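Remarks on the structure that follows.
The values are calculated or read from the model by the stated rules, or taken from the named source; none is laboratory data. Keep in mind that what you see is a predicted model, and the values were worked out from it rather than measured. With ideal geometry, Cβ positions are generated from the backbone for all residues, glycine too; neighbour counts draw on all protein chains shown. Only protein heavy atoms, including side chains, enter the accessible area calculation; ligands, DNA and RNA are left aside. Shrake-Rupley method; radii C 1.70, N 1.55, O 1.52, S 1.80 Å.
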Amino acid sequence: MPHIAMSPELAPGTPGLFQYRPETGRPLGELAEVLLRNPHSLSRGDRELIAAYVSVLNHCKFCSSTHSEVSAAQINGGRALVDKVIDDLDSAPISAKLKALITIAGATTRGGHEVTDSMVDAARQAGATDTEIHDTVLIAAAFCMFNRYCDGLAAIVPDDPAAYVGMAQMIINDGYRMCATGH
């Protein structure tokens with residue numbers, strides 16, 4: 001049961017919280033849109049994978065389930081690859097650059113000072129740009145906030161894994177701006 005009174009017509013998870021308070025939900029939805037969907041040197045699937053990885057570390061069922069599905073639908077290797085990255089990053093069959101960036105995201109999740117010069121150097125040596133490093137840290141920091149927002153208010157989340165596949169398709173088709181409006 002949510003910690004605040006919410007209409008049952010609102011979407012589950014963070015989109016419902018965005019709809020509950022649209023004046024804060026709109027800029028949060030816009031932030032997610034810019035970080036995860038705008039043109040970028042990292043694919044949408046890779047950025048969603050970073051969001052999913054952080055959400056798993058934070059034990060946020062809604063965000064980890066949703067962003068795992070969004071990533072899986074947009075990367076070669078699909079759900080099996082997402083699960084492999086989450087279960088064992090070191091042996092996951094992804095680029096050295098993406099591994100280095102996800103390592104930075106994991107460190108950011110523990111705390112900003114956990115990101116070390118050696119992690120950043122490894123990412124650069126693997127081909128990461130300053131913008132990719134910047135945006136990885138920002139995605140991780142934003143998802144720490146989104147995870148705590150969702151779980152801190154005990155947002156209603158679906159139990160059925162199939163619900164997340166449907167939400168992922170809505171996000172892929174319509175983006176994150178719709179999360180704040182419900183349209």
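Quick notes
- Leu42 meets the conditions (1) in a loop (DSSP other than H, G, I, E, B); (2) modelled with pLDDT of 95 or more; (3) open to solvent by 30 Å² or more (accessible area, probe 1.4 Å) in every case but one. The failed one is (3).
- The combined condition, being touching a residue at least 12 places away in the same chain (Cβ under 8 Å), closer than 18 Å to Ile172 by Cα, open to solvent by less than 10 Å² (accessible area, probe 1.4 Å) and among the acidic types (Asp, Glu), is fulfilled by Glu48.
- Ala80 without any contact (Cβ under 8 Å) to a residue 60 or more places away in the chain, open to solvent by less than 40 Å² (accessible area, probe 1.4 Å), of a type in the set (Gly, Ala, Ser) and in a helix (DSSP H, G or I): no
- Selected residue [in contact with a Phe, Trp or Tyr (Cβ under 7 Å, 6 or more places away or on another chain) and assigned to a helix (DSSP H, G or I)] from Thr108, Thr136, Thr131, Thr66: Thr66
Here's the yes/no breakdown for (1) under 19 Å from Ile133 (Cβ atoms); (2) in a loop (DSSP other than H, G, I, E, B):
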| site | (1), (2) |
| --- | --- |
| His3 | no, yes |
| Ser7 | no, yes |
| Leu17 | no, no |
| Glu33 | no, no |
| Asp46 | yes, no |
| Ala51 | yes, no |
| Val54 | yes, no |
| His59 | no, yes |
| Phe62 | no, no |
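- Some residue of region 20-34 being open to solvent by 10 Å² or more (accessible area, probe 1.4 Å), aromatic (Phe, Trp, Tyr) and farther than 16 Å from Cys144 by Cα: yes
- Total residues in region 51-77, condition under 18 Å from Gly175 (Cβ atoms) and open to solvent by 30 Å² or more (accessible area, probe 1.4 Å): 3
- Region 158-170 residues that are farther than 8 Å from Ser65 by Cβ, paired with ones that are open to solvent by less than 30 Å² (accessible area, probe 1.4 Å) (beta carbon under 6 Å, 6 or more apart): Met167/Thr66; Ala168/Val70
- For region 7-16, the count of residues that are without any contact (Cβ under 8 Å) to a residue 60 or more places away in the chain, open to solvent by less than 50 Å² (accessible area, probe 1.4 Å) and hydrophobic (A, V, I, L, M, F, W, C) is zero.
- Screening the candidates Thr103, Thr116, Thr136, Thr109 for the property of being surrounded by fewer than 19 Cβ atoms within 10 Å (Cβ to Cβ) and either of a type outside the set (Phe, Trp, Tyr) or over 13 Å from the mean Cα position of the chain (by Cα) (or both) yields one hit, Thr116.
- Subset of region 139-161 [open to solvent by 60 Å² or more (accessible area, probe 1.4 Å) and assigned to a helix (DSSP H, G or I)]: Met145, Arg148, Asp151, Pro161
- In region 83-97, residue surrounded by the fewest Cβ atoms within 10 Å (Cβ to Cβ) [restricted to those that are of a type in the set (A, V, I, L, M, F, W, C) and under 16 Å from Val56 (Cβ atoms)]: Leu89
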